[in-house]
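Bear in mind these aren't lab numbers, they're just calculated from the coordinates by the rules spelled out. Everything quoted here is computed from the prediction, not taken from an experiment. Because the Cβ atoms are built from the backbone with ideal geometry, glycine has one as well, and the counts that use them run over all protein chains shown.
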Amino acid sequence: MGLVQYYPSSTRPLTPVISVCVANYNGTSFLADCLNSIFSQDVEGEIEVIVHDDASTDDSVTWLLDHYPQVELLASRKNVGFCASNNRMTDHAKGEYLLLLNNDAALLPGALNSLLKIARAQTTPGIATLPQYDWQSGLLVDRGCLLDPFYNPIPNTDPERQDVAMVIGACLFIKRELWTSLGGFPEWLESIGEDLYLCCQARLRSFPVQVTNDSGYRHRQGASFGGNRADSRRGLSTTFNRRRLSERNKTFTMVVCTPGALLWALLALHLVLLNIEGLLLSLMRRDAALWRTVYAPVTGELWKNRVRLKDARRSTQSQKHTSVRQYFHPFAMRLRKLDLLLRHGAPRFRP
């Protein structure tokens, strides 16, 4: 029995210009918004829509077959995570361009044409995204992100700034050839931070990472993976697993992608500050599980994965085509976590 059950589309185009890839897990409550926003796009060329269902425990597969027979459906027999889900869809895709779109996101009118416009204007193929708007309030969340020195994303809200450090994986547009060249998402990251890793890889090779000024997408932030959305009344809320993966994978990305000898001083300072943060939050929340589950494992994971990270760093740095200064250009000398702490207080954690 294969790992994936394939349900072909009833209307799959032969030569789509865009393959829209939607990773789904238990998303029947918001998939219709996502898919309808795709099929309502007026696009210069044909598109195909591929959904990978990651062994949902709701009736996602049956629901999709009943309501969206025009979708190419890959149904996994076991849960494999966000990275593997997207890699399977991109392997299956036939489009010139790929759009990775979260199942809890919906495109605004003109979104696909806006992405095509910026992609075709790039002298060198790169990565692109749209302005992100909060689903509930409709307020702008970001126009891509900058990074702080410790690889924490800082939302870019400047309409004049097109070049950014990274784009959120909820809406990531890339030429299929470039995706293949970069190697897609590393499946050893599992989920969270794969967008950061891919964008840093691209920028190291001098491929642009940009945001359009037109159209956009609405996003139920955190609905598909346990929170991490700041609420003006209740502050920042997240889960143990999301924060664990976030801290680990940001650290992995730092090790693999930071050019030059600067890495070692940056990594040492990062680990010291991360351990202090973990101890303080554990004491504030009176929850030792927070330290044991989220923060303490980071150093151990570095050691456990040292050979893999060493090989990935060697391969990545050997393909570097940018200077240290250019790589760090879209970084900001701010501490994102400190900003959030001052604005929302200490985050709340859920199992």
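Worth pointing out:
- Note on Glu96 and His67: the model spin-label points, each 7 Å out from Cα along the C-beta direction, lie 3.3 nm apart.
- When DSSP beta bridges are restricted to pairs lying wholly in the range 1-119, around 20% turn out antiparallel.
- Distance in nm between pseudo-label sites at Ser40 and Leu279 (7 Å out along the Cβ direction from Cα): 5.3
- Modelled label reach - Leu271, point 7 Å along Cα→Cβ, the range 278-316 residues with backbone N closer than 11 Å: 298-304
- Within the range 109-213, GluC sites (Glu not before Pro) in DSSP loop having at most 14 other beta-carbon neighbours inside 10 Å: Glu160
- Taking the number of Cβ atoms within 10 Å of each Cβ as an exposure proxy, the fewest-first ranking of Cys257, Cys199 is Cys257, Cys199.
- Label zone at Arg120 (point 7 Å along Cα-to-Cβ), backbone N below 13 Å, the range 1-40: 17-18
- Put simply, the amide H of Tyr97, placed in the peptide plane, has neighbours under 5 Å in Ile18, Ser19, Arg176, leaving out anything fewer than 5 places away on its chain.
- Exposure proxy order (Cβ contacts within 10 Å, fewest to most) of Phe82, Phe349: Phe349, Phe82
- Under 5 Å, built H, 5+ apart or other chain: amide partners of Thr239: Asn228, Arg350
- Taking other C-beta atoms within 10 angstrom as a stand-in for reagent exposure, Ile118, Ile50 fall in the order Ile118, Ile50, fewest first.
- Residues whose amide H lies under 5 Å from that of Val209, counting only those 5 or more places away or on a different chain, are Ile127, Val164; hydrogens are built 1.01 Å from N in the peptide plane.
- Candidates Ser37, Ser137, Ser29, ranked by Gaussian network fluctuation over the chain, Cα under 10 Å, top entry: Ser137
- For the range 32-43, Karplus couplings with θ = phi - 60° (6.51, -1.76, 1.60), whole Hz, Gly/Pro x: 4, 4, 5, 5, 5, 5, 6, 5, 8, 5, 9, 10
- Across the alpha-carbon atoms of the range 71-213, the computed radius of gyration and Dmax are 14.6, 45 angstrom.
- FRET efficiency for the pair Trp264 and Ser10, taken as 1/(1 + (r/R0)^6) with r the Cβ-Cβ distance and R0 = 56 Å, rounds to 0.50.
- Estimated inter-spin distance, Arg334 and Asn305, nm [label 7 Å along Cα→Cβ]: 2.8
- Computed from backbone phi with θ = phi - 60° and the Karplus coefficients 6.51, -1.76 and 1.60, the 3J(HN,Hα) list for the range 103-113 is 6, 9, 10, 9, 6, 7, x, x, 5, 5, 5 Hz; x is used for glycine and proline.
- Net charge, Glu277 excluded, C-beta distance under 10 Å - Lys, Arg +1, Asp, Glu -1: 0
- Considering only beta bridges that DSSP places wholly inside the chain, some 45 percent are antiparallel.
- Working note: Karplus 6.51/-1.76/1.60 with θ = phi - 60° gives the range 199-211 the couplings 5, 5, 4, 5, 5, 4, 9, 6, 8, x, 10, 9, 10 Hz, where Gly and Pro are set to x.
- Rounded tilt (10° steps) of 306-318 against the dominant C-alpha axis of the chain: 70
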